[in-house]
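Here is the structure we will look at, set down as structure tokens.
Every read-out reported here was derived from the displayed coordinates using simple, explicitly stated rules and does not represent laboratory data. This structure is a prediction, so every number in the text was calculated from the model and none was measured. Ideal geometry is used to build each Cβ from the backbone, glycine not excepted, and the neighbour counts take in all protein chains shown.
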Amino acid sequence: MKNHILPAIKLTLACIIVFAVIYPLSIWGIALIAAPNHGEGEVLTQKGRVVGYALIGQSFTQAKYFNGRPSAVGYNAAGSGGSNKGPTNPDYLASVKFAIDTFMLNNPSIKKEDVPVELVTASGSGLDPDISPKAALVQVPRIAKARNMSEDKLKELIKQHTESPLLGFMGPSKINVLKLNISLDNLN
């Protein structure tokens, strides 16, 4: 038994040192050197005032703004998480139906089958800051009307803010909603 306890204790101590000290410190060091804002995240400002963070979604309820994904946690970064309700849960189905009805009410020019699923269902974290170009484009008529501006100008803004997939093929194209809305405000 002695032959097994001492190696087990040594292995446990080695794992603690590597995984609880060396690995976290190395990731932190890389973030300090290579990450935007030294690993503190990208802080977004408008007119000198902090309005949010690029990696955390926000709620936009006014017709003149692009909407992002709904959040099951109210965009609270301290309590990140999904709703844990499955696709057959009656409460979940009711909330999705309500989201679709609300979207249709605010965007009457869109057909129900053209509503992107991401605009009516929450992400797994509840903090998703991005939407697809399609989700942005279906909102163009509403925003153009609310801001009294041309749809072509909005489509060009969407094109400017579309981020390509990583390495050109890993993941979908996406648009950060907060950055897009800040640029939209700066147009006027």
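Annotations
- The protection proxy used here, the mean number of other Cβ atoms lying within 10 Å of each residue, ranks peptides 26-33, 178-185 as follows, highest first: 178-185, 26-33.
- Centre separation in Å (Cα based) which lies between segment 89-126 and segment 165-188: 21
- Ordering of 54-61, 116-123 by packing [mean C-beta count within 10 Å, highest first]: 116-123, 54-61
- Of the cross-linked pairs 97/153; 85/153; 47/97; 112/159; 85/155, those separated by over 30 Å at the C-alpha level are 97/153; 85/153; 47/97; 85/155.
- Label-point gap, in nm, between residue 27 and residue 109 - each point 7 angstrom along Cα→Cβ: 4.5
- What the Cβ-Cβ distance of residue 43 and residue 5 gives, at R0 = 45 Å and to the nearest 0.05, is a FRET efficiency of 0.35.
- 5 angstrom amide H check on residue 53, placed H, neighbours 5+ away: 44
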